[in-house]
Structures are given as structure tokens and as C-alpha cells.
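The block underneath contains the structure these notes are about, expressed in C-alpha cells.
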Amino acid sequence: MEIRHVQLTGGSSYIITLPKEWITTFNIKKNDPLGIQIQSDGTLLLTPKLTQEQHQKTKVFDVSLISKPTYLLQELIGAYIAGYTSIKITSPTRLSMAVQKVIHSFTQLAIGPEVIEETEKSVILKDLLNPTEMPFDQTIKRMHVIVKRMHEDVMRALQEKDKTLATDAISRDNDVDRLHWFVARQYNMLLQNASLVNKMNITIETASTCFLISRIIERIGDHIVRISENIPTLIDHNLDKKNIIRIIAAGDLALEIFNNSVSSFFKKDILASTKNIESVEKLESVCEEINTHALMQKGIIALSVGYIVESIRRTGEYSQDISETVINYLIGEDQS
């Protein structure tokens, strides 16, 4: 960081010199106008761009250089999260059906990108969503509701021996993924364009915390999917009622810890976060007890119970991570 001293000129005007490298890079000339914005943390944003339009970034993918269509999907998601507002997919020959399916899947998964131009050899995707239209906190709340209901449904599926309900929970994990990608995208765009901070009425610290919480919630969703995938085995092999009751009780406790962790973030409650962390020890003890009983079951049943209980325990531990993130964030807010 360069240190420059404020000077007084004309008896009432304060001035500071600008780095020559910055002036040269942006080709700034004498009498050119510059924009100055006061940020919420007291810093000043100096920019040669006087309009508040979203920065336009284009990424081009040549599918002839990508060995598998599945790799293209991962790269499209990466470009989306990185904040590219326009993505062009090209090919020296006609785009294959496999590539077209990948592009369609991507537009269904990601929030915002739509096909605006299409030929036999290329497709152009444009992000049509203004990032300020979906605040971070609303997205986190939506993710929490989806994952909460997924967890409730898989426990009910086990209790009522309903395979369809368990499978339905798996399908909703896509919604959690796409919301997490959107949060990651918003966060990256904030880092690249500081003017969005004021437009979205959020600080970088809060956005960073939302991104971390979003990532943890997405992982909890993955563990609920793992639970869902193992429930049919327990249904087919008629796991005894006592073990089902134990698993559901552990699941309820994990869900309670998860709900409390998210609630403490929105209520800005350090004490609640601290108490919530202590609850994880009880959950780990309950899970250990279930695993002990599961060892007396047949091999495949014991294995499925083990997977389910491990995911329930991980749900509690990830919720603990949320609570720890909240504590760090709130203490940092006090310092600022």
C-alpha cells in the first residue's frame, strides 16, 4: 500500500496526488472527470467510470478444445461464478447434440443466463439478471428454507417408509446448488466492482459472511441427499422401529442446531451462537449410540445406517461452522 500525504492548497482545498501507474493504465488526461464515492467503511472509491452500469465481461469457450461435454458444464459454471456477464460457446463445426444439451442444462441450473443468439456453430449466453435484485440475505433465507424442508421430508420418509418422498428431497438439491452459485457470483462481482457495494446496501464483510454460510448450507444439502439415497435400503430391509426412532431423534436434533445457527446470524445473537455450538456434543453422543446399535444389524443395514448417521452428525458439525462464522462476523462488526 502506498502512503501519500494530504496537502492544503489555496487555503481551503485539500489535495492528494494520484499514482502515475494508475493514471497511465487508464489513459487519464488533464481535466478528465473522475468519480468519487464514499464507502460505508469510510474509504473512498476513485473510478474513471462515471456510469453505474454493470461491468461487461465476456468469456469464450471453443468446444473443440474441451474433451468432454461434462467438462464444458463445469467450465460454464466456473465462468458464471467468476462474474462473466456474457458467455460464448463456439465450434469450428456444427455444435453437437451433447454440447447443446449441456448448454440447456446450464441455463436451467444457473440464475440469470439466457440464450440471446444461436447459430449452428455458436451460442451466446447473456446474464439478464441485475445482481442487486436478489439481496444476499434473501437468498440465504431461501436456501435455509429449502434445506430445512428437505431434512424434514427425509426424516418423514424414513418414518412413513415412503421412497417417493425420499427421492423428491434429492431433486430439490439442485435449487440449493443454483442459489449457492448465485451467492458466489454476487460476491465475486462485488470484489470486482466496488460500486455495487452501495447499490446492494451491503459491506464486503457481510457479503463474505453470506458466501461462507451459503457454502456451508450447500454442503448440508449434499448430506441430506446422502441420507435420502440410503433410506430405500432401510425400508426394503425393515429396519426395526427402535432404531428408526433413534435416527429420527438425532435428525431432529441436527435440524434444530441448523435452524438455530441460521437464526443467530439474522438476529445477530452471539450468545445463541455460542450455546448452539455446545449442542453439537450432545448430537455426536447420540450418533455414536445409534452406530453401536447398528452394529448388531445385518451388514447392508448397518452400512446404510452408518451413512445416514454420519450425514446427520455432519449436518450438526456444519451448523457449528455456521455459528462460529457468525461469532467471528459479529465480533468483527463490533470492532468496525
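The values are calculated or read from the model by the stated rules, or taken from the named source; none is laboratory data. These numbers come from a predicted model, not from an experiment. All Cβ positions, even for glycine, are placed from backbone atoms using ideal geometry, and neighbour counts span all protein chains on display.
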Look through Ile247, Ile220, Ile146 and report the one residue that is on the phi < 0 side of the Ramachandran plot and in contact with an Asp or Glu (Cβ under 8 Å, 6 or more places away or on another chain). Ile146
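Residue-by-condition table, conditions (1) in contact with a Phe, Trp or Tyr (Cβ under 7 Å, 6 or more places away or on another chain); (2) farther than 15 Å from Ser311 by Cβ; (3) of a type in the set (A, V, I, L, M); (4) without any contact (Cβ under 8 Å) to a residue 40 or more places away in the chain:
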position	(1), (2), (3), (4)
Ile247	no, no, yes, no
Ala254	no, no, yes, no
Ser261	no, yes, no, no
Lys267	no, yes, no, yes
Val280	no, no, yes, no
Leu283	no, no, yes, yes
Ile290	no, no, yes, no
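Take the conditions at pLDDT below 95 and under 26 Å from Ala250 (Cβ atoms) and apply them to Ala166. Does it pass? Spell out how you get there, then give the answer.
Details: at pLDDT below 95: yes; under 26 Å from Ala250 (Cβ atoms): yes.
So Ala166 fits the description; yes.
Per-residue answers, yes or no, for (1) surrounded by fewer than 13 Cβ atoms within 10 Å (Cβ to Cβ); (2) within 21 Å of the chain's Cα centre (by Cα):
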position: Val99; (1), (2): no, no
position: Val102; (1), (2): no, no
position: Glu117; (1), (2): yes, no
position: Val123; (1), (2): no, no
position: Asn130; (1), (2): yes, yes
position: Lys163; (1), (2): no, no
position: Leu179; (1), (2): no, yes
Taking first residues from region 168-186 that are under 22 Å from Leu158 (Cβ atoms) and in the same structural domain as Ile217 (by TED's automatic domain parsing) and second residues anywhere that are polar (S, T, N, Q) and assigned to a helix (DSSP H, G or I), the pairs with Cβ under 8 Å that are 6 or more apart or on different chains are Ala169/Ser228; Ile170/Ser228
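Does region 281-302 include one or more residues that are in a helix (DSSP H, G or I), out of contact with any helix residue (DSSP H, G or I) (no Cβ under 8 Å at 6 or more places or on another chain), farther than 15 Å from Ile216 by Cα and among the hydrophobic types (A, V, I, L, M, F, W, C)? Walk me through how you get there before you give the answer.
Here is the first cut: in region 281-302, the residues in a helix (DSSP H, G or I) are 281-294, 299-302.
This time we only want the ones that are out of contact with any helix residue (DSSP H, G or I) (no Cβ under 8 Å at 6 or more places or on another chain), so: 281, 285, 288, 292, 299.
Okay, now just the ones that are also farther than 15 Å from Ile216 by Cα, so 281, 285, 288, 292, 299.
So of that shortlist, the ones also among the hydrophobic types (A, V, I, L, M, F, W, C) come out as none.
Checked region 281-302: no residue is in a helix (DSSP H, G or I), out of contact with any helix residue (DSSP H, G or I) (no Cβ under 8 Å at 6 or more places or on another chain), farther than 15 Å from Ile216 by Cα and among the hydrophobic types (A, V, I, L, M, F, W, C).
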Could you identify the single residue in Met155, Met150, Met143 that is modelled with pLDDT of 95 or more and in contact with a His (Cβ under 8 Å, 6 or more places away or on another chain)? Met143
Residues that are in contact with a helix residue (DSSP H, G or I) (Cβ under 6 Å, 6 or more places away or on another chain), in a helix (DSSP H, G or I) and surrounded by 17 or more Cβ atoms within 10 Å (Cβ to Cβ): does region 200-208 have at least one? yes
